Amino acid sequence: MTQHNRAIFQPSGQIQFGIFFQGVNSGTIWKAPESGSQTDFESFRRIVQTAERGKFAAFFLGEGLRLREHLGRPHALDVVGRPDAQTMLAALAAVTTNIGLVATQNTTYNDPADLAHRLSSLDLISGGRAAWNVVTTDNAWTGANFRRGGYLDHADRYKHAEAFVETAKRIWDSWETSAGPARRVLHEGRHYTVDVSPRLPRSAQYRPVLFQAGDSPEGRNFAARQADVIFSAHPKFDDAVEFRRDIVARSVDAGRGANAVQIMPASEFILAATDREAQEKKAWVRSLQIGPQQAIAYLEQFWGRELTEYDSDGPLPEIDPVVEETSETRGSGFHGAKARQLADQWRAEAKDKGLSIRQFVTSRTARVDATFTGSYTAVADHLAQFARVGAVDGFNISPWLIPTGLDDIVNHLVPELQERGVYPTEYRGTTLRENLGLETPVRSNEPVQV
């Protein structure tokens, strides 16, 4: 590829799928008769093997560093945590052959030398299928679980993350060849000091693939400089096209190629044989995702008090919240909202639209912008449009049911996409990097000390 071409984005004409096994939150239904367990290995084995049958590129696990709370107590309506991502992915490597294995790992509460070694271990035992979803955290609530506490200023989290990722890359780059010898890596910085002699050689894909999900300007710049794939929040067509334009510009500004960073937005699929059946299924799914208890509990997070005396089929509470600002104890979506101002806005909106508590909460929590609903053929036609213009490289699907939530996608949607020539019929190679169509990293020749 010429230098000129590297600055011009070229659509691949293809899309790929990943699966995001979320574990917590109301998007996954755990109370249906068909639901499995969020901790049993069988749930993970069944769905990852279904994904591999459908030629999915990657299996993606989130991370829970602290049990989520509700009004100062463990959240009774939440599932009890999630297994450690790298432990689960190491087990899944033994029952899969081609699918990529993506572990979400935090740069704030890990050490670069240790995490680089553990990810290298997963990459080697899986034959070059490991990936790292790089996330940051700065809040004291999560930090209380760790000896450092919530020590990291919000403004510094990406600076810290970049130094972390650069150090990990240097460790992976340190081998002259896949057999050695390795050079010593030194880092002395504001947050930690590292003097490490790498313990493992390169994998079949050189080093783990890097995912990143930040959407702020700082997060986008970080991804443009460091990531191979962005796990984005822009699945609607026009929004996805604009996001692609922005990331291409940032990647080129960072000295990388226009196609260097792939984009896979988070998505939900509700499908059936006909559009009408899909809409009926969607209503059923939503009724299970947000029941009366979930609706009341959602409002309680913003009101800061129990609201069990209110009917979930009635109007929003007329009383004001007892907190000024919501905390992050149920995740980032509940952090920093101006509670009383928000309550006024929500009451007005619900009254104007004639919505009950449950209907309003459903409208707030459903993945409205990220849901593809329709017949297999209609959704396949729509996704083919994304592929033709290169709006995205794929979709990271969050199934609403575990472990059978991919069955209709693999059995019906994937064949429709393959018939349209926009979805792989076979894996390209044996590594995640090959299957995503990513270039092999260029080994850094910079000095050892970073």
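Points to keep in mind about this one:
- For the range 149-303, the fraction of 1.4 Å probe accessible surface lying on carbon and sulfur atoms is 50 percent.
- Across the range 40-92, Cα-Cα distances exceeding 12 Å account for 70% of all pairs.
- Helix axis angle, 112-125 relative to the chain longest principal axis, alpha carbon, degrees: 90 degrees
- At q = 0.23, 0.26, 0.29, 0.30 Å⁻¹, base-10 log of I(q)/I(0) for the range 334-390 (Debye sum, equal scatterers on each alpha carbon): -0.92, -1.08, -1.22, -1.24
- Largest to smallest in accessible area, the residues LYS351, LYS282 fall in the order LYS351, LYS282 (1.4 Å probe, all protein chains included).
- Given a 1.4 Å probe and the protein chains as shown, GLU309 ends up with an accessible area of around 110 Å².
- Full-stretch length increase - ALA94, ARG305 - with 0.36 nm per residue and alpha-carbon distance subtracted: 71.3 nm
- Sites listed here are chymotrypsin sites (Phe, Trp or Tyr not before Pro) in the range 131-160 whose DSSP assignment is loop and whose Cβ has at most 14 other Cβ atoms within 10 Å: TYR151.
- Relative counts (whole %) of C-alpha pair distances in the range 345-430, using bins that are 10 Å wide: 14, 36, 26, 18, 6, 1
- Whether the range 59-167 is rounded, prolate or oblate, judged on the alpha carbon gyration tensor where a/c under 1.5 counts as rounded: oblate
- Across the range 11-120, the fraction of Cα-Cα pairs farther apart than 20 Å, rounded to a whole number, is 49%.
- Per residue, the average separation of C-alpha pairs within less than 8 Å and at least 6 apart gives the range 170-233 a relative contact order of 25 percent.
- Length gained on full extension, SER363 to ALA144: 75.5 nm, using 0.36 nm per residue less the C-alpha separation.
- Pairwise FRET efficiency - ARG276 versus PHE237, Cβ, R0 = 22 Å, nearest 0.05: 0.45
- For the range 7-61, applying the loop criterion from DSSP together with a ceiling of 12 other beta carbons within 10 Å to the GluC sites (Glu not before Pro) yields GLU34.
- At 0.890 mPa s and 25 °C, Stokes diffusion of the range 95-146 via Kirkwood alpha-carbon radius, µm² per second: 200 µm²/s
- When LYS169, LYS281 are compared by accessible area at a 1.4 angstrom probe, the order from most to least is LYS281, LYS169.
- Taking every protein chain into account, the accessible area of the chain amounts to 43 square angstrom per residue (probe 1.4 Å).
- Computed over the range 235-304, the percent of Cα pairs more than 21 Å apart is 58.
- Principal axis box of the range 167-268, alpha-carbon based, largest edge first, Å: 49, 34, 28
- The range 84-236, Rg to Rh (Cα coordinates; Rh as Kirkwood inverse mean 1/r): 0.96
- The local environment of THR39, defined by Cβ-Cβ distances under 15 Å, has a net charge of -2 under the rule Lys, Arg +1 and Asp, Glu -1.
- Zero-based 10 Å bins, Cα pair distances in the chain, whole percents: 4, 19, 30, 28, 14, 4, 1
- The fraction of Cα-Cα pairs per 10 angstrom bin, counted from 0 for the range 229-378, comes to 10, 28, 28, 23, 10, 1 percent, rounded to whole percents.
The values are calculated or read from the model by the stated rules, or taken from the named source; none is laboratory data. Owing to the predicted nature of the structure, the values given are computational and were not obtained by experimental measurement. Cβ atoms come from the backbone with ideal geometry, glycine included; neighbour counts cover every protein chain shown. Side chains are part of the model used for accessible areas, which takes the heavy atoms of the whole protein and leaves out ligands, DNA and RNA. Shrake-Rupley method; radii C 1.70, N 1.55, O 1.52, S 1.80 Å.
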